[in-house]
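Worksheet for the structure shown next.
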Amino acid sequence: MNGLESIASGPMWAAFVGFVIVMLALDLFVFGGNKAHKVSVKEAGIWSLVWVSLALLFNGGLWWYLKGTVGADIADQKALEFFSGYLIEKALSVDNVFVFLLIFTAFQVPQQYQRRVLIYGVLGAIVMRAIMISAGAWVVSEFSWVLYLFGAFLLYTGLRMLVAVDQEPDVANNPVLRFARRHLKVAEGDHGERFFVTRGGARYVTPLFLVLILIEVTDLVFAVDSIPAIFAITTDPFIVFTSNMFAILGLRALYFLLVDVADRFHLLKYGLAMVLTFIGTKMLIMPWYHVPVQASLTTVAVLIAGSCIASLFIAKKEGAK
């Protein structure tokens, strides 16, 4: 890629893509990801721990490999970039969780069917993210000034989130949903976990398929924020792609882990808005000052942790009244 250097060779890309395919296949066909069942907090916690552990193991393996091939300095830098990017993507994916919960609640989707919707949502998200990252990397390599547009967009998005943090999206009047209802034959009612049914020789989509469409569109909208955000940390396509993929692969487990306690983290959206504002500002001031990756990592961690702790503290305080 013109102008964008990557530490990854062809075999490294192939190995990582193979890893993602194998993990998705195991989830679908071995661990029952395609079967309807209610996911317990314990199961979600175990899978969250598995995905975070795999991300950290990958980072450790990447550092070890690079240390032996290109030296300790580059290995340290790339490992730090991956961890910072992963933390940012993981934090921003929490906002997805809040919207997913709103969509499932609006459509009254039983929890045992939510897992199937999310596994296909993750598959679609992986394809969309791969396309968007490739396009973003190409654009940045050809037109480096686009990074400043990314920064302005993230700053605007963060400030807009701060102003409208308490406003919930109107799922019922979503334009994508209205378009789908106008152009697709929808079989209203409960059809279990099926996305399609046949009536009188005609094929209909179920309300669960409409939910899947909204989940995919939601991730596409969030990707527009999250992908520019990681380009503020690194322009290495391999680091951007791998950190994004690990965050996406762990998204479903994160949803089921937080679904019952989402209301307790009511100030987290302020933290996420401030993260976007900080990253946008960081990108805009690059010509005059380059914020070190360590400083970015610390700032993001403090904002997220601070908003979570403040949420718990204020919730307890209000409950005591």
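Tabulated data for the structure shown
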read-out: Distance-filtered residues of the stretch 243-275 - backbone nitrogen under 12 Å, label point 7 angstrom along GLN111 Cα→Cβ; value: 256-262
read-out: Ellipticity estimate at 222 nm from DSSP helix runs (n ≥ 4, -39,500 (n - 2.57)) divided over the chain, nearest 500; value: -25000 deg cm²/dmol
read-out: Kyte-Doolittle mean at least 0.0, axial Cα span of 30 Å or more - DSSP H helices of the chain; value: 41-69, 72-106, 111-142, 207-231, 293-320
read-out: Dipole magnitude (debye, nearest 20) for the chain, charges at Cβ of Lys, Arg, Asp, Glu; value: 840
read-out: Length-normalised contact order of the chain in % [C-alpha pairs under 8 Å, at least 6 apart]; value: 31
read-out: Solvent-accessible surface (1.4 angstrom probe) belonging to MET23, in square angstrom, nearest 10; value: 30
read-out: The stretch 170-228, Rg to Rh (Cα coordinates; Rh as Kirkwood inverse mean 1/r); value: 1.07
read-out: Cβ-derived FRET efficiency at R0 30 Å, VAL261 paired with PHE29, nearest 0.05; value: 0.45
read-out: Stretch in the chain that is longest and holds no chymotrypsin sites (Phe, Trp or Tyr not before Pro) that DSSP places in a loop and that have at most 13 other beta carbons within 10 Å; value: 146-287
read-out: Label point distance in nm, PHE196-LYS38, each placed 7 Å from Cα along Cα→Cβ; value: 3.1
read-out: GluC sites (Glu not before Pro) restricted to DSSP loop in the stretch 113-209 with at most 13 other C-beta within 10 Å; value: GLU188
read-out: Shape metrics for the stretch 175-276, restricted to C-alpha atoms - Rg then Dmax, Å; value: 18.1, 55
read-out: Inter-site label distance for PHE313 and LYS67 at 7 Å from Cα along Cβ, in nm; value: 3.8
read-out: Two-decimal Rg to Rh for the stretch 15-126 - Kirkwood Rh, Cα set; value: 1.05
read-out: Calculated log₁₀ intensity ratio I(q)/I(0) where the Debye formula runs over C-alpha points of the chain, q = 0.07, 0.13, 0.15 Å⁻¹; value: -0.30, -1.03, -1.33
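The values are calculated or read from the model by the stated rules, or taken from the named source; none is laboratory data. What you see is a predicted model; the values in this text were computed from it and never measured. Cβ: placed from backbone, ideal geometry, glycine included. Neighbour counts: every protein chain shown. Surface accessibility is based on the protein's heavy atoms, side chains included, excluding ligands, DNA and RNA. Shrake-Rupley method; radii C 1.70, N 1.55, O 1.52, S 1.80 Å.
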